[in-house]
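S.K.: To start, I am sharing the structure in question, which I have written as C-alpha cells.
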Amino acid sequence: MTERKKHWGLARNAPLPYTACEMVRFQLFGIPISIHPSLWVVLALLGGGLHLQSAEQLLPIAIFVISAFLSLLVHELGHALTGRALGGGNPQIHFAYLGGLCHNPNGRWSRLSGAAMTVAGPLAAIGWGVLAALLLSLYIGDFELGLRYAWHSVWFWDSLSLGEEAALRSLALSDGALYFFQCTLLVSFWWSILNLLPVYPLDGGQILGGLMTSAKRLHMLSMAAAALLTALAFAFQYWFPGAIMIYFAVFNYKAMLASPH
C-alpha cells in the first residue's frame, strides 16, 4: 500500500509513522524498512495460531509467517522502487498488523506515474508468485505436475486428482518445502487481488483517488464498495475478508464525514 495525496498523486509531506516498539529495522536497496511486532502476531494467527494444539504445529505456522512476509516485502518494494524511479524522493517501508505502508515524503508524481507506482506493488507480488510457481515446478521435477500443484495452491477448492496426489507422494518431497511454495502462491495472488479492490486506502482505492477531485466522493464510493464486498464475503462464508471490509467501510464513513468536499 502506498501513501499519497488523494489528488494528482503527490506524496504527503509527513514523517513515516514510526512507533516506539518496532522489533526490526534494516535497509534493502537503500530503502529503510521497519517492522512492528504486531505484523508477526497477525501473520501467526492467520497461519493457524488460533488452532495451535501441539509443538508440531509450530513449524507450519513459522513457514506461513516467513512466506507471507516475503510476499508482502516484495509488494512494498514494488511500490518503493517504482516510485523512486518515477518520482524520486526517499521511500520508506513500514510493516504493522495486516501489511505494509510505502511512504515517500519527498517524491512527486504525475497522475500516470502515481498510478504506475501504486499498481507496481500488486504486480510485483504476482510476479513473485509466478516465480514461485516456476521454482516449484523445478523442485518437483515435473513441469506439468508443478503447475497443477501451483494452480491448486491458489485455487484451493480445485482438488488434485488421485493420480496427481499419488505422483507427488511417490517423489518423497519435503512437506515443509511444498507448504512454503503453497503459502507463497496463496498470499502473493490473493493479497494482490485484495489490494486492487476499489476501496481506499487499498491500492485500488489509491488509484481511484488519483482519478477523482472530491475526497468526499472517493470515501463515499469506497464505503459503498466495502459494504457490497462485505455482503458478498459473508454470503460465501468468508468471515475474515468480510471483517476486513467492515473495517474499511467504517474507516471510509468516518473519512467521508470529515472531508470538507
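The values are calculated or read from the model by the stated rules, or taken from the named source; none is laboratory data. What you are looking at is a predicted structure, and each value in this text was computed from that prediction instead of being measured. Note that each Cβ is placed from the backbone with ideal geometry, even for glycine, and that neighbours are counted across all protein chains shown. The accessibility values were calculated without ligands, DNA or RNA, using every heavy atom of the protein model including side chains. Shrake-Rupley method; radii C 1.70, N 1.55, O 1.52, S 1.80 Å.
S.K.: If the convex hull of the alpha-carbon atoms of the stretch 28-125 is projected onto planes in all directions, what is the mean projected area in square nanometres?
M.R.: Reported value for the Cα convex hull: 6.5 nm².
S.K.: Can I get the semi-axes of the stretch 118-176's equivalent ellipsoid? Compute them from the C-alpha gyration tensor as square roots of 5 times the eigenvalues, in angstrom, largest first.
M.R.: 25, 13, 8
S.K.: Mind grabbing the base-10 log of I(q)/I(0) for the stretch 73-179 at q = 0.18, 0.22 Å⁻¹? Debye formula, identical points on the C-alpha positions, no solvent, two decimal places.
M.R.: -0.85, -1.05
S.K.: For the chain, with all protein chains present and a 1.4 Å probe, just round the carbon and sulfur fraction of the accessible area to a whole percent.
M.R.: 71
S.K.: Taking P(r) over Cα pairs in 10 Å bins from 0, in percent straight from the coordinates, which label in (1) 6, 28, 37, 23, 6, 0; (2) 7, 26, 34, 22, 9, 2, 0; (3) 8, 34, 39, 18, 1 is the correct one?
M.R.: (2)
S.K.: May I pose another question? With every protein chain kept in place and ligands, DNA and RNA left out, what is the accessible area per residue of the chain? Probe 1.4 Å, answer in Å².
M.R.: 51
S.K.: By how many degrees, 0 to 90 and rounded to 10, does the Cα axis of helix 58-87 deviate from the longest principal axis of the chain?
M.R.: Long axis of 58-87 versus the principal axis of the chain: about 40 degrees.
S.K.: Same structure again: With the crude spin-label approximation of a point 7 Å out along Cα→Cβ, what separation in nm comes out for Y247 versus A172?
M.R.: Rounded to a tenth, the inter-label distance reads 4.5 nm.
S.K.: Same structure again: Let's see if you can work this out: charge +1 on each Lys and Arg Cβ, -1 on each Asp and Glu Cβ, no other charges. What is the dipole magnitude of the chain about its Cα centre, in debye to the nearest 20?
M.R.: 1380
S.K.: Place the peptides 220-232, 99-111, 38-50 in order of packing, highest mean first, counting for every residue the other Cβ atoms within 10 Å and averaging per peptide.
M.R.: Ranked by mean Cβ neighbours within 10 Å, highest first: 99-111, 220-232, 38-50.
S.K.: Any chance you could get the radius of gyration and Dmax over the Cα atoms of the stretch 115-261, in Å?
M.R.: 19.3, 64
S.K.: Nearest 0.05, what FRET efficiency do W151 and A224 give at R0 = 25 Å with Cβ-Cβ as r?
M.R.: After rounding, the FRET efficiency stands at 0.15.
S.K.: Using a 1.4 Å probe, how large is the accessible area of F189, given in Å² and rounded to the nearest 10?
M.R.: Here the accessible area works out near 50 Å².
S.K.: Separate question: Counting Lys and Arg as +1 and Asp and Glu as -1, each charge on the Cβ, what is the dipole of the stretch 58-213 about the Cα centre in debye, to the nearest 20?
M.R.: Roughly 620 debye, rounded to the nearest 20.
S.K.: Which listed residue (L45, W109, L147) has the Cα farthest towards the positive end of the charge dipole for the chain, taking +1 on Lys and Arg C-beta and -1 on Asp and Glu C-beta about the Cα centre?
M.R.: W109
S.K.: Place a +1 charge on the Cβ of each Lys and Arg in the stretch 129-261 and a -1 charge on the Cβ of each Asp and Glu, then give the dipole magnitude about the Cα centre in debye, rounded to the nearest 20.
M.R.: In total the dipole reaches around 740 debye.
S.K.: Okay, moving on. Relative contact order for the chain: what is it in percent, counting Cα pairs under 8 Å that are at least 6 residues apart?
M.R.: Computed value for the chain: 20 percent relative contact order.
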